[in-house]
Structure formats: structure tokens, C-alpha cells
Protein chains: 4
Amino acid sequence: MSIYTQYYRNKENIGRLLVKCPDKPGIVAALSKFLFEHGADIMESSQYSSDDPSRMFYIRFEFYCEGLLSKRKQMEEDFQELAKNFKMDFTFTYNETKKRSAIFVSKEIHCLLELLWEWQSGDLETDIPLVISNHKEAQEIVESLGIPFYYIPANKDIRKEVEAKQVELMYKYKIDVIILARYMQILTPKFVEKFPNKIINIHHSFLPAFIGAHPYERAYERGVKLIGATSHYVTNDLDEGPIIDQDIERVDHRDNVPTLKKIGQQVERRVLARAVKWHLQDRIIVKDNKTIVFH
Amino acid sequence: MSIYTQYYRNKENIGRLLVKCPDKPGIVAALSKFLFEHGADIMESSQYSSDDPSRMFYIRFEFYCEGLLSKRKQMEEDFQELAKNFKMDFTFTYNETKKRSAIFVSKEIHCLLELLWEWQSGDLETDIPLVISNHKEAQEIVESLGIPFYYIPANKDIRKEVEAKQVELMYKYKIDVIILARYMQILTPKFVEKFPNKIINIHHSFLPAFIGAHPYERAYERGVKLIGATSHYVTNDLDEGPIIDQDIERVDHRDNVPTLKKIGQQVERRVLARAVKWHLQDRIIVKDNKTIVFH
Amino acid sequence: MSIYTQYYRNKENIGRLLVKCPDKPGIVAALSKFLFEHGADIMESSQYSSDDPSRMFYIRFEFYCEGLLSKRKQMEEDFQELAKNFKMDFTFTYNETKKRSAIFVSKEIHCLLELLWEWQSGDLETDIPLVISNHKEAQEIVESLGIPFYYIPANKDIRKEVEAKQVELMYKYKIDVIILARYMQILTPKFVEKFPNKIINIHHSFLPAFIGAHPYERAYERGVKLIGATSHYVTNDLDEGPIIDQDIERVDHRDNVPTLKKIGQQVERRVLARAVKWHLQDRIIVKDNKTIVFH
Amino acid sequence: MSIYTQYYRNKENIGRLLVKCPDKPGIVAALSKFLFEHGADIMESSQYSSDDPSRMFYIRFEFYCEGLLSKRKQMEEDFQELAKNFKMDFTFTYNETKKRSAIFVSKEIHCLLELLWEWQSGDLETDIPLVISNHKEAQEIVESLGIPFYYIPANKDIRKEVEAKQVELMYKYKIDVIILARYMQILTPKFVEKFPNKIINIHHSFLPAFIGAHPYERAYERGVKLIGATSHYVTNDLDEGPIIDQDIERVDHRDNVPTLKKIGQQVERRVLARAVKWHLQDRIIVKDNKTIVFH
């Protein structure tokens, strides 16, 4: 019986280890020795050495460890020493502990639908404790799936109160990741800094082109031959956060703003779904204002 | 024997008619009647009605006409009346009369090579009376193909004199289209206005992202996941002219500026080659700051 | 006010004319004259001359005609003479008369979901009077949208009776097009010949590779680096009917049969949705065993 | 100074280690310990565990080792013990030792041109001691680059003699890899078995569709909407060897055999060039009749 057959049998024995530390010889040897000695088989590993003066080293392991759930506490404790020696930032995550996602949406629900669909068919390993919207378009479909739907009207003038409510819900539901699935309200720095590298947005253009509002209108004006979408982590600089994924679709002179939007929706939903999936699998590391994505 | 078999036999009987006029009923009927009465079979036709207050109509015909070379003068004369009635701008072009292309290049010769290669294998129906460069990298390959190579060093301070020489050469060689195949000098408005919609440039980014200098460096800084290239007509607004074609390639966090450039070169050469091909086949109409491309 | 603005206002004034006839000079002139004289503005036209000894000519017009619904009967009558002169096969269709689609599905419902979604958001201009399935997976979602769901268990032994029921339903509901959205039962020649060029299937491979059963398993065995999907009209030769659209997605050595299926589903749903859309807009002409698709 | 800066400075210090062995715990730990103790920094590592009863494990390291050229002999000797313990098949290769490529070509030279071009611009790290052709189309360009060109006419009747000459040349020039860049002669089993997993072919279809002769003609007949190309290792089963890479381009009903060929050439040259590049970088492992490609 191979590891992979086991994998499909005992998903709760799968763990992941992400490490970031100054680059120096012997890191991989030390880490793989540690995993071996703790009975963890390496199923997948990806590494990256930064090509800049920071000289940082990044690695992600996915491992299989018989009886992981009972061993993991000890493993994390034992890791402290190694981490100290190499000045490592590290995170252990466990397949068994699903991340908890909150989806924010406004009127256009195509991205939400894609996420819900993948979630229903088992391709998005997450719990979705709630959906928040400043409109009611999504209510019926969300509630039909048994997910609580919070209708919180929003606008510039009541932003403070709205965000207070949202933050409270995030804490109440112990949310790990916030997905802005075409949520058309700007989040304040105060909100954003509470969830660093935990808010994923979909922007409807191939950034950095058409930053800000009305990208399809501006793409039409400029006469581009490709339209795109970009998923990224949200920072305080609007549409300037670390890019996770981008994709495009070909258009031509016959397209107008409505058809650009239709075509763009197809791109948006797949670009957001991929970013969310990678985030849930701990495949993304943020470095400065970029992402390292270990596919 | 079908028209298409004839087509491959007697290419000199192929002509094209491009028309632009205010949109109103009956244009297609009038034009196709005209062509029919002049013995011209329509091989291909494409039309576009502008979706804006200008209400303009655009159409391109490719036709086969037995004995075209002896008939064409009369055909053009006869067309005057129809053109007047419908207030048409129009152009007849003939397969037999190849457009004359001048290629401008600097140090990086990948785009030039692609064009020369397609030209050699018969896929670029043009004459290339000269190549102009401010560097000598391309000299050997160009001259080995029997094409005159003009080495004209250039920089900001001598721009005026350089352009005077270039303009003289354009006139001397009766150039129809100027292809900037990674020519890294800015052209002055004075030069540009002499060749409206006749200068094709390749910009090494998916415009409007990374307008101006060093797009790969800036793409690297921004951490994009796609890099692109854009072919466009040159206007006096740098990198703001009508876009003809765009394409992209996927990159990831392991790429640095040199690898982005390598990957980008593949995109640049195919995006420029397509634009040139369409221009030579009169498939492009410029409307405001956009292109209509009849593929 | 441009035609296109009108277009969005009065969709019932839009019609289409598809013509097939022996190629000879003057066809476009005659047709465009006819449309002009009947007050029909040509919004879009596409033509194709066959490149083989059959010498056939194909053309599709999309036109706008004020008061079309009251004029169309007369227009069709008047067209008879022209059609006779040029030996034309022709079809007039009207935007106002939506085609009626029946969707057949088995256990895997991703293609059905995509169609329902596009239909709900107004991108699939069709009526869906019923869904038929030999399984119950789709029942809930279909009925929640108010569409009758017919559960008709099927297998090799009762094929005759099953098809009899299905044909009866097709007639009862006046079905124009049958969409096999991953319907995993073979249709008999008797069924197929009742709906020539009216049954659209999605096959989960890039045909002609992996014709028949278990394409993902066989793709895995062969070690391909791309997997694809093909939408085609159904004929009596299994998976050999005229291809409408194909697309692919990149895979690698880490993929196994389950992940190939997941990736493939994304391709299948977009390839089927495109084919259905083009069929509904009368953009497809079947010629021998191929399709002409006027995008 | 980071490893990567060194990398660009001292390419001769780069080595690669490929290992294949039965899967069991501790392999990565043992290998990375070995490299660490021999002063080799891991720059890149990729692994794969087979998902079948064979339970094999595959890993590729790229490492930087100060003074590699003087140390490598000892390193290889020291590795014997480790290899024995884990029953490893392994290969060390060194950046400093360029692989030697022979290119075989017939009349169509587009794939050859692409390879020569990439080689000239430094993107294909190989020596090309000779080009062999059964036609003379490529002679001028090959010789202009200072590469010996061997014109060896070939046909079914003289296959034995032709291959004897070719084999002699392969040995004389110490050839590591044979690239069939549209070489239109069948190689006998006797030839093929002399160079296992060392002959790379480009087939002008997306295999397994259109195995054998005239794929474009058959693609045209079938009316496909995508055409493709496949690079693969040559085995004794025609077009059935392990696939390295595939890609496609979109076509439509207007394309005929000559235009399909033109479009296909663009795909062929990039698919072959990628496969050759990966082979030269030891990124490909053949497993049964498939490839593992560590991008």
C-alpha cells in the first residue's frame, strides 16, 4: 500500500509545514531529518531561495504521519529548538482542521456561485460559516445551502458601523480567511490590518492595468484585445496588494462594455477560485508585496 | 474549378476594398451590386457598425476578378459615384502590389528575426527594401539576405538629424509601412505625423500596464503572474496608440528579470508578426484610438 | 440612435437568414438587395465558400427590421423566387421565437449546472421545458428552478422503451434542440435520425483521441500533457459527428484519474456552453461531417 | 552575496542529482544530509512518489557546490554506499559538461531554425557537433553557423546502410541526444535501441490523435477545431513513446491543409524547443511509457 493510497484513506494524517528563514546550507537536511525522525513521510516539497539581498529561504512540506492528531502537539514542541537554531518562522497546519471562510459579496454573484459550487462538490476544503452582503441578490441561494446570510447594507457614510459589525462576526465565527467575491465596498485600513494576508480579493482587470473603479469601461475605452482578472491579498493600497493569480480572455472590436463584462465574469470566477484553493492548501507565501505560490 | 483554386493560381486577380461611411440602409446591397457588375466575386467580407453616436459603418471585401490588373483603373473610376452618394472613404488595394516595409531595430533582434523568417518562407507578403538600426547587431543577418542595412547611430541630442536621414530613406524607398521591431528610440511628433497609422510598434508589456521604459523590471517589481506584449500603431502619445494585438505568457515567483525577458521575447515576436501580417492584408481599420481587425 | 441601440431596445425586430447554395457570382448582391428592399438592415454577415469540388456557398445574415413580426411572413414568401433562381437552401429564424431545449443528464451534473446558470443570468436565450435523467442527482436543483424533471431509468435492455418515452416527451414539448450534458447512455440510430443536427453532445476528450468510454482513464494511461473536451452533433457513428468546439487544459505527471476528471469538468462545461450558445444563435452550419461556425 | 548571484557567476559549480528508488521513509533526509555534508547547497528540488503498485520514488536536485569540478569524483564515489542502502538508480550531471546534440531534419526546417536560434542566443545549453539531413534545404544555414552538415539521402530500401552511417557519426561525435526536428524517415528498432530515451521527436498532432502519416490532412478531414503538436521520446512503437510536451492552436472552418500546416509549424517549434531544453537540464524522467517532468 503506497503512501498515496493511505492518503486517500486517512486524510487526517496529512500535515503541512511552512518555513521561512535566512538562507544557509543545511536547512533541507535538518528539516527532512526532523520529519523522518518524527515518523512523517514527505509527500510533496517545494522550496524557493530569494534572488535579492534579503537572502531568505522558503520551503513547504506536505507530509503523511500515522497517528498525526495525537502526535502533533509533541512535534510542534520538538520543532522549537530547530526553529531557533535556524531563525525560522514556521507554521504547522493540519488537513483535519479546515480553515473557516467568510464570503463577502455585493450584487454580482457569479464568483460566489463558483465558490459555493466547488465547495459543494468537495473541491474547496473549507467551512463556510457565513456570507455577508450589502445586497440581497445572494440571499436565496446561500440560505438554500444552509449557510447563514447576513444582510448588512453599506455605504461610505456608515462604513465605521458596518465594519464594526463585520469584525464582530469574523471573531464570533472564528474566521480564518475573508473572500471578497466581488464585494464592491472599500475596506478601511483599520479593518484590513486586523486580517493581514487573510483577505483575498478579485479585481476585474489584469492589474496593474485599470486599477480602481470601472475597469471594463476603461478597457473598452482603451481598445484592449485582452481582458483579465487578478486575485490578490488586500492591503491598504487599493488594488496594490500581493498578486496571487491572473488570467485573461481574448476580446475584439465587436465587444462592448456589457459583453466585456460577461466574458470577464468567466475569468474572474476561475481566477478567484484558484487563489482560494491555493490559500486553503497553504500553498501561498507572501514576501514583500509578492506571492510565492507552490503549485 | 472553384474560386479558391483560382485564388492559388492567379494571385494577381485578388483585390481588396475597404470602405468607411455613415451607417444607413442599403450599403452592402450597393457595394455587392457594384462588385458583381464589375465581375468581382466576393471571397471574404467583414463588416462592423460602430456602437456609438458616430454611427459609422465599416466593411472590408476581398474579391477575385478575372483580369483585374487591366480592369482596376476603370473600376476605381466607376466607384467614385457610389462613394459620393454614400459619403464613403474607401481604398482599393491589390494583391499584386506588395506593400513596402522598412524595419527599424536596435540591439535585440528577436522580433526582426521572426519577421525575416516569415518573409523568407513566403508568409509575409511584403517587400523589405531596407532595415535601419542604431546598432550593428543585426547587420550580418540582414545583409546575408540581400537587404540593405543602414546603420544610423541615434540618441536624444541628434534626434533631428537622425530622423531627417530616416525620412529621406523612407521617401527614397517609397516605404508604405514602418515596423519598429524593438527600436529603442523615441520618434518625434514631426516624424510620426508624416506616417499616420503606418508605423507599427511592439511594446513589451500588456498595455496599458507598464507604459514607458523598463516594463519587465516593473513587472518583476509588481509580482505579476502574466507578462505580455502589445503591438500598436504609433501616435504622438507614447505607448497610447491604437492597439492591434496583445498576448501573454504565464510566469511565476521563480522568474527574475532575465527570465521574464526571455519569456517575453517569445510573446513579442508573435504579437508583432501577427500585427504586421494583418496590416499587410489590409485587415485593420483605425477608428478613433482603437482598431477594428477583420480576421 | 444607432441600430445597435435599437437592437437592445427591440430584440423582437432581429432576424437571421442562413443560406446555402452552389457558389456563383452575384449571390451577396442579390441577397443584400433583397434585405434592403424589405427594410432589413444587415447587422452582421459572415460567408464561406467551400474549398472543395462541391463549390458550395454559405452565408449568415443577422438583420434588424422595424416591425419584423408583422412583415416576416411576406418576406419569407417573397424570398421563394430568389431561392429558386440560385437553388438556395435557406432558413429564416427570429430572435423573438426562442428555441426550446431539452437537457439530458446522468450522474455528473457540472455541465447541466453551467447551462442552468447561464440560462438564469440571461446568457442562454432558450426555453428549457424539461430535463431528463436516468439518475436523481439533478432533480432537486432542476425542480427548484421550476423546470419539470423526468426521471427515466435507462439501461441497455430497456433502451427501446426508454427512447420511446423520450421521443414522446420531445414531441409533446416541441423540442428544437437536445443537449446531452454528460448523458451516459448510447442513443440508437432510430432516435438520432429523428433529430438530425439537433442533438449536441459533450465528449470528455479532444476527439478523435480517446473515442468511446473512459477517456480520462485512457488519457492517464497514455501520459498525455493536455486533456480536452469536444462538443459535437450526434450522428450514428459514436463520437464521430461534426465537431462544434474543442478546448484543452494542461495537466502533468502528478495528476491521476480523479484530478484529471476535476480539471476536465472545467473544460467540458465551457466547451458545451459555447456550442449551445452558437447553436441557439444559428451560427453553426453542418457541411458533410464538419461544422462551419460563424463566430 | 546569495547563492543565485554566485550561480550566475560560477556556472561550473552547478550540478544535478537524479535519483529513483523504492519509496520508503527517510530518503529525502538521507539525500539532503549527503549533499550538505559534501558542501552542496540545494538550489532546487522536486520529487514524485508513484501512485501505483510499483511504489517508486523520484527526486531531482540542482545544487551549488564550491569547487565542484575537483570534488565531483569523490562525491560520486561516496554516494555508492547510500545508493546501495536505498537501492537507488542515480545520475550525477554537471553544468560544466554540456550535452552533445545531433539534429536530424528533412525538408521542413522551421523546427531546426528555432533550435539553432535558441542555441545562438544562449538559451539552449548544448553543443551541436552536426546536423544530418536526407535533403539539402538546411545545408546553407547550418554551415553558415559553422556546424558540420551531413547530407545522407535516405529511403526505405537503403535504410540499413543509412542508419549504419548515422550510428557511426553518433559514436564519432560522442552524441548524447538525437533531436528529430521533422526528420521524415522511420528509424528501425535496431537504431532506436542504441539510444534509449535519448531520441526526441516532434509529431505534428496532439497524440494519440492522428498517429502516423499526414496528420494535418486527417485533422482537416475530421474537422477538428484545435491542432496540436507532441514532443516525445522515440521507442519502437511509432508515435507511441513517452510524451514530453504538447500544445495546441485554435483553427476554424476557413483553414485548409496549407494553413493548418502553417499554424501547426508555430506549435511544433515551441513544443520541440521546450522538450529539448528540459532534456538538456535533466528535468525529465521516463517511467514506464510516461514522463515525469520537473519544471
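The values are calculated or read from the model by the stated rules, or taken from the named source; none is laboratory data. A quick note: this is a predicted structure, and the numbers were derived from the prediction, not measured. So basically every Cβ, Gly included, is an ideal-geometry build from the backbone, and we count neighbours across all protein chains shown. All accessible areas refer to the heavy atoms of the entire protein, side chains included, with ligands and DNA or RNA removed. Shrake-Rupley method; radii C 1.70, N 1.55, O 1.52, S 1.80 Å.
Some notes on this structure:
- The GNM of chain D, with springs linking C-alpha atoms under 10 angstrom apart, assigns the highest mean-square fluctuation among D:ASN85, D:ASN13, D:ASN155 to D:ASN85.
- Tilt relative to chain D, helix D:68-86 - C-alpha long axis, 0 to 90 degrees, to 10: 80 degrees
- Here D:GLU249 yields copy-to-copy label distances, from shortest upward, of 1.5, 2.4, 2.5 nm, the label point defined as 7 Å from Cα along Cα to C-beta.
- C-alpha long axis of helix A:110-120 to longest principal axis of chain A, angle in °: 40 degrees
- Cα gyration tensor shape for the range A:230-293, rounded if a/c is under 1.5, else prolate or oblate: prolate
- Spatially proximal aspartates and glutamates relative to C:LYS261 (Cα-Cα < 17 Å; intrachain offsets below 8 disregarded): A:GLU118, A:ASP123, C:GLU108, C:GLU114, C:GLU217, C:GLU221, C:ASP247, C:GLU249, C:ASP252, D:ASP51
- Overall form of the range D:99-293 per C-alpha gyration tensor (a/c, 1.5; a/b vs b/c): rounded
- Excluding ligands, DNA and RNA, the accessible surface per residue across the range D:3-94 is 45 Å² with a 1.4 Å probe.
- Most simply put, chain A has about 70% antiparallel DSSP beta bridges, counting only bridges with both residues inside it.
- Between A:GLU66 and C:ARG100, the modelled label-to-label distance comes to 6.4 nm, taking each label 7 Å out from Cα in the direction of the beta carbon.
- Largest to smallest principal axis extent of the C-alpha atoms in the range B:158-234, angstrom: 46, 25, 16
- Distances from C:GLU140 to itself in the other copies, using label points 7 Å out along the Cα-Cβ axis, amount to 1.7, 7.1, 7.2 nm in increasing order.
- Modelled FRET efficiency - R0 30 Å, B:ASN256 with A:THR93, Cβ distances, 0.05 increments: 0.55
- Candidate lysines for bridging to D:LYS73, where Cα separation is under 22 Å - those fewer than 8 sequence places away on the same chain excluded: D:LYS11, D:LYS20, D:LYS33, D:LYS84, D:LYS87, D:LYS98, D:LYS99, D:LYS174
- The solvent-accessible area of B:PHE36, taken with every protein chain present and a 1.4 Å probe, is close to 100 Å².
- Loop GluC sites (Glu not before Pro), the range B:142-213 (other Cβ atoms within 10 Å of the site Cβ: 14 or fewer; DSSP): B:GLU193
- Summed buried accessible area for D+C [probe radius 1.4 Å, Å², rounded to 100]: 2900 Å²
- Taking the longest Cα principal axis of chain B as reference, the axis of helix B:27-37 is set at about 70 degrees.
- Once both labels are positioned 7 Å from their Cα atoms along Cα-to-Cβ, the gap between D:LYS174 and A:SER54 label points is 4.5 nm.
- Portion, in percent, of the accessible area of chain A that falls on carbon or sulfur, probe 1.4 Å: 51 percent
- Placing unit charges on the Cβ atoms of the charged side chains and taking the dipole of the range A:55-197 about its Cα centre, the candidate lying farthest along the positive direction among A:HIS110, A:ASN155, A:PHE92 is A:ASN155.
- Using only side-chain charges placed at the Cβ, +1 for Lys and Arg and -1 for Asp and Glu, the dipole size of the range D:151-284 relative to its Cα centre rounds to 320 debye.
- B:ASP288 label point (Cα plus 7 Å toward Cβ) to equivalent points in the other copies: 3.9, 4.5, 5.8 nm, shortest first.
- Phi-based couplings in Hz for the range B:279-290 (Karplus 6.51, -1.76, 1.60; Gly and Pro marked x): 4, 5, 8, 6, 8, 10, 10, 8, 10, 6, 9, 10
- Given charges at beta-carbon only (K, R positive; D, E negative), |dipole| of the range B:56-105 in Debye: 240 debye
- Length-normalised contact order of chain C in % [C-alpha pairs under 8 Å, at least 6 apart]: 15 percent
- In the context of the full protein assembly, A:MET43 retains an accessible surface of approximately 10 Å², using a probe radius of 1.4 Å and ignoring ligands and nucleic acids.
- Loop-resident sites, the range B:66-114, for trypsin sites (Lys or Arg not before Pro), counting at most 10 other Cβ within 10 Å (DSSP): B:LYS87
- Values of log10 I(q)/I(0) for the protein assembly as shown across q = 0.05, 0.08, 0.09 Å⁻¹ run -0.38, -1.03, -1.34, by the Debye formula with one identical scatterer at each alpha carbon and no solvent.
- Innermost chain D residue relative to the axis carrying D onto A, by Cβ distance in angstrom: D:SER32, 3
- DSSP bridge pairs, the protein assembly as shown: antiparallel proportion in percent, nearest 5: 70 percent
- Computed about its Cα centre, the charge dipole of the protein assembly as shown is approximately 0 debye, with only Lys, Arg, Asp and Glu carrying charge at their Cβ.
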